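Chemist: My questions all concern the structure below.
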Amino acid sequence: MYDLSDTIVAVSSATGGVRSIVRLTGPQTFATCAQIAEFPSGFSICNPQSAIRNAVTMPAAVQINDTLTLDANLYLFFAPHSYTGEDLAEIHVQASACLVEALIQNLLARGLR
């Protein structure tokens, strides 16, 4: 049985485009993004007590596996102002089935469902 407090991950874009979107939502969303993404200029994902309450878009280098990173854009939506009502992140990457599958496997290995 699934726990409703799990952080989940899924591809949320249609196949055949030039970009793929991987969506994370749940309590570990921002902590997981901080583990796999390197942001320019020392940017860090703010905590829920921050004054920032709207969506934030940031370019980042996202870790696909131990040796491969990929340029991406992260769209961060803070609870309760997201589609799911929870913290939510969308990782926009180049559409490549192999890279997207490797990214999903990396996130699942970090405990996401």
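The values are calculated or read from the model by the stated rules, or taken from the named source; none is laboratory data. Bear in mind the structure is a predicted one, so any value in this text is a computation, not a measurement. A quick note on method: Cβ atoms are made from the backbone with ideal geometry, for glycine too, and the neighbour counts reach across all protein chains shown. With ligands, DNA and RNA removed, areas are computed over all heavy atoms of the protein, side chains included. Shrake-Rupley method; radii C 1.70, N 1.55, O 1.52, S 1.80 Å.
Chemist: Does any residue of region 47-63 turn out to be at pLDDT 85 or above and surrounded by 19 or more Cβ atoms within 10 Å (Cβ to Cβ)?
Modeler: Looking through region 47-63, at least one residue is at pLDDT 85 or above and surrounded by 19 or more Cβ atoms within 10 Å (Cβ to Cβ).
Chemist: Where the second residue is of a type outside the set (D, E, K, R) and assigned to a loop (DSSP other than H, G, I, E, B) and the first is within 15 Å of His92 (Cβ to Cβ) and lies in region 61-74, which pairs have Cβ atoms under 6 Å and are six or more apart or on separate chains?
Modeler: Leu70/Ile64
Chemist: Please specify each residue of region 64-113 satisfying the condition of being polar (S, T, N, Q), open to solvent by 60 Å² or more (accessible area, probe 1.4 Å) and under 17 Å from Ala14 (Cα atoms).
Modeler: Within region 64-113, just Gln94 meets the criteria.
Chemist: Please enumerate the residues belonging to region 1-46 that are among the polar types (S, T, N, Q) and either modelled with pLDDT of 85 or more or more than 21 Å from Thr69 (Cβ to Cβ) (or both).
Modeler: Kept after step one, since they are among the polar types (S, T, N, Q), are these residues of region 1-46: 5, 7, 12-13, 15, 20, 25, 28-29, 32, 35, 41, 44.
Scanning region 1-46 gives Ser5, Thr7, Ser12, Ser13, Thr15, Ser20, Thr25, Gln28, Thr29, Thr32, Gln35.
Chemist: Can you pull out the residues in region 10-27 that are farther than 17 Å from Val56 by Cα and either in a helix (DSSP H, G or I) or open to solvent by 20 Å² or more (accessible area, probe 1.4 Å) (or both)?
Modeler: Ala10, Val11, Ser12, Ser13, Ala14, Thr15, Gly16, Gly17, Val18, Arg19, Pro27
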